[in-house]
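The values are calculated or read from the model by the stated rules, or taken from the named source; none is laboratory data. Note that the structure is a prediction, hence the values are computed from the model and not measured. Ideal geometry is used to build each Cβ from the backbone, glycine not excepted, and the neighbour counts take in all protein chains shown. For the accessible areas, the whole protein counts, side chains as well, though only heavy atoms, and no ligand, DNA or RNA atoms are used. Shrake-Rupley method; radii C 1.70, N 1.55, O 1.52, S 1.80 Å.
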Amino acid sequence: MSTQKFATNALHAGHDVKQTGGTRAVPIYQTTSYVFNDSEHAANLFSLKELGFIYTRLNNPTNQILQDRLATLERGIGAVVFASGTAAISTGLLTLLKAGDHIVASSSLYGGTYNLLNVTLPRLGITTTFVDASNPENFEKAVQENTKAFFVESLGNPKLDVLDLQGISSYAKKAQVPFIVDNTVATPTLLNPIEHGANIVIHSLTKYIGGQGNSLGGVIIDGGNFDWSNGKFPEFTEPSKGYHGLKYHETLGAASYTFKLILEGLRDFGGALSPTNAFNIIQGLETLSVRIKQHSENALALAKWLEQQEEVAWVNYPGLESSKYKSLSDKYLPNGQSGIVTFGAKGGFEAAKTIADTVKVFSLLANIGDTKSLIIHPASTTHQQLSEEQQASTGVTADLIRLSVGLENIEDLKSDLKEAFSKIAKKVLV
Ligand SMILES: *Cc1c(COP(=O)(O)O)cnc(C)c1O
């Protein structure tokens, strides 16, 4: 485990320049496959007697550097990268679960994840109970005999609820199931869920870690702190049919899940990250700690300003004194609360749409975590397919606007919103 600090690891971890011909930048190994010395060497690689590169769907030297760096930054023992955050989540769950298994999840989740758990996985016999995550006990109450995982977002998108990770992790421990935390919005700069009892951490690298809106990617970081031999996960202790009788836990111990993600998850589901995208994401990761500090500062300043605008009904940002998550935020996110702010437009659905359609500096699009400021009206876009009741449980209301506050000058962001507010003011403020 590295003894160096975050900013140093973000620039150096995982890259031994002697292994890459002295290149100071991490090179892009744009290759599908790797030449074996001879058939015996190939046989040893396939049987894990020797570790090395076989095929880029399983691993690649550029991807490996990104994996090692992210594992270091999240304080895990290993990491596996994927083509997107969604590929990481679906592959991560399907590598762990089978028909008949059950998940307890926070109801405040990214829309895509909510649909995966609510609609697609049930079709494969994997069901989920969604709970109000503001009370950790709700997780325990929802546990069934077949429960095999708890799943949450450390800072929910778009509800921005800060969860009591230690509280929830204690119930995961009691239920002997892995605690999986999507840490996309908080980023490893602001929060390391493994330090608070998480076993598996997931990120959409598409967001703050890549940070510049140019490449999709995802990662699973393995805390190496879950006992896969506790009787609930026979796929880890019995000989694997899918890998010539390999007993994961006996052979690989704490790293069992990391290897299963590669040997079965990537082999069978194929959601590998392109090495060029790994390179792009590494460029972003190198400046993550500087960017996230500025994103957080801008977001807090804008949230405070929004609270004073007469066109605004309410503002939600975990760093605000008025936030009901302020005390959890002080505990879990003391160094900043990231760049997402939500607020309600007086005048509801139509007023919110008008604001999203009028701004010019903010781009109207479905993403977060870009250097550029972004805006969306979830009720008419990302959450449109959900019923009003489902929208409410994921934290979306008709008047809600989500901002991903970028790195522009804060005064320009205020002017842009002010101009948009002037378009709705006359109708609804009288
Ligand atoms: C965007 C996002 C995802 C999905 O990631 P993609 O890279 O878009 O597939 C998952 N979780 C959260 C919290 C997200 O914001």
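Would any residue of region 135-163 have its amide N under 15 Å from a label point 7 Å out along Cα→Cβ of LYS324? List them or say none.
Residues passing the 15 Å test: 135-136, 156, 159-163.
List the relative contact order of region 269-359 as a percent without decimals, with contacts defined as Cα pairs under 8 Å and 6+ residues apart.
Result for region 269-359 is 27 percent.
Hey, can you grab everything whose amide H is under 5 Å from the amide H of SER338? Only 5+ residues off in sequence or another chain; H modelled, so Pro and N-termini drop out.
Amide H neighbours of SER338: SER296.
Suppose a student asked you for the relative contact order of region 205-347, using Cα pairs under 8 Å spaced at least 6 residues apart; what percent would you report?
It comes to 21 percent, rounded to a whole number.
From largest accessible area down, sort GLU74, GLU235; use a 1.4 Å probe on the protein chains. Provide the component values of the computation, followed by the final result.
Details: GLU74 0, GLU235 65 Å².
The ranking, largest first, comes out as GLU235, GLU74.
Among ASP161, ASP412, what's the order by accessible area (1.4 angstrom probe), most exposed first?
ASP412, ASP161
So if R0 is 30 Å, what FRET efficiency would ALA301 and ASN146 give, r being the distance between their Cβ atoms, rounded to the nearest 0.05?
It comes out at approximately 0.05.
No solvent, one uniform scatterer per C-alpha: report log10 I(q)/I(0) for region 242-345 via the Debye equation at q = 0.15 1/Å, two decimals.
Scattering profile of region 242-345, log10 relative to I(0): -0.80.
If one takes the longest principal axis of the Cα atoms in the chain, at what angle in degrees, from 0 to 90 and to the nearest 10, does the Cα axis of helix 288-307 lie?
30
Which log10 I(q)/I(0) values, to two decimals, does region 290-428 give at q = 0.17, 0.18, 0.19 Å⁻¹ under the Debye formula with one point per Cα?
-0.91, -1.02, -1.13
Too long at a 21 Å Cα-Cα cut-off: which of LYS173/LYS207; LYS326/LYS346; LYS159/LYS353; LYS5/LYS260?
Those over the limit are LYS173/LYS207; LYS326/LYS346; LYS5/LYS260.
Would you mind checking the tilt of helix 165-175 against the longest principal axis of the Cα atoms of the chain, expressed as 0 to 90 degrees and rounded to 10?
40
Given contacts defined as C-alpha pairs under 8 Å and at least six residues apart, what's the relative contact order of the chain, whole-number percent? All intermediate terms of the calculation are to be shown ahead of the outcome.
On the way: 856 pairs, mean separation 70.1, N = 430.
Answer for the chain is 16 percent.
Only four residue types carry charge here, +1 at the Cβ of Lys and Arg and -1 at the Cβ of Asp and Glu. Report the dipole size of the chain about the Cα centre in Debye, rounded to the nearest 20.
Details: 36 positive and 41 negative charges, 62 e Å.
Rounded to the nearest 20 debye, it is 300 debye.
Using θ = phi - 60° and the Karplus relation 6.51 cos²θ - 1.76 cosθ + 1.60, list the HN-Hα couplings for region 83-94 in order, rounded to whole Hz, with x at every Gly or Pro.
Whole-Hz 3J(HN,Hα) from phi for region 83-94: 5, 7, x, 5, 4, 5, 5, 5, 5, x, 6, 6.
Label ASN230 and LYS414 with points 7 Å out from Cα along Cα→Cβ: what is the distance between them in nm?
5.0
Using θ = phi - 60° and the Karplus relation 6.51 cos²θ - 1.76 cosθ + 1.60, list the HN-Hα couplings for region 65-76 in order, rounded to whole Hz, with x at every Gly or Pro.
Result, rounded to whole Hz: 5, 4, 4, 5, 5, 5, 4, 5, 5, 9, 6, x.
By accessible area of protein heavy atoms, probe 1.4 Å, what ranking do TRP314, TRP305, TRP228 get, highest first?
Largest to smallest exposure gives the sequence TRP314, TRP305, TRP228.
Suppose the Debye formula is applied to equal point scatterers at every Cα of region 174-333; what is log10 I(q)/I(0) at q = 0.08, 0.09, 0.19 Å⁻¹?
Log10 of I(q)/I(0), two decimals: -0.35, -0.43, -1.21.
Accessible area per residue of the chain at 1.4 Å probe, in Å²? All intermediate terms of the calculation are to be shown ahead of the outcome.
Values: 17710 Å² over 430 residues.
The answer is 41 Å² per residue.
Quote to one decimal, in nm, the extra length available between LYS173 and LYS293 on full extension: 0.36 nm per residue of separation minus the C-alpha distance between them.
Result for the pair: 39.9 nm of gain on full extension.
On the accessible surface of the chain, probed at 1.4 Å, how many percent belong to carbon and sulfur atoms? Let's see the in-between values first.
Values: 9120 of 17710 Å².
About 51 percent, which is the carbon plus sulfur part of the accessible surface.
Using helices alone, I'd like the mean residue ellipticity at 222 nm for the chain: each DSSP H run of four-plus residues gives -39500 (n - 2.57), total over residue count, nearest 500.
After summing the helix terms and dividing by the residues of the chain, the value is -10000 deg cm²/dmol.
So what are the ³J(HN,Hα) numbers for region 108-122, from phi and the Karplus equation (6.51, -1.76, 1.60; θ = phi - 60°), rounded to whole Hz, Gly and Pro as x?
Calculated HN-Hα couplings, in order: 8, 10, 3, x, x, 5, 4, 5, 4, 6, 8, 10, 7, 5, x Hz.
Write down the radius of gyration of region 101-163 and its Dmax, each obtained from C-alpha positions, in Å.
Spelled out, the Cα radius of gyration and Dmax of region 101-163 are 11.2, 31 Å.
Need one word for region 1-109: rounded, prolate or oblate. Basis is the Cα gyration tensor (sqrt eigenvalues a ≥ b ≥ c); a/c below 1.5 gives rounded, then a/b vs b/c decides.
oblate
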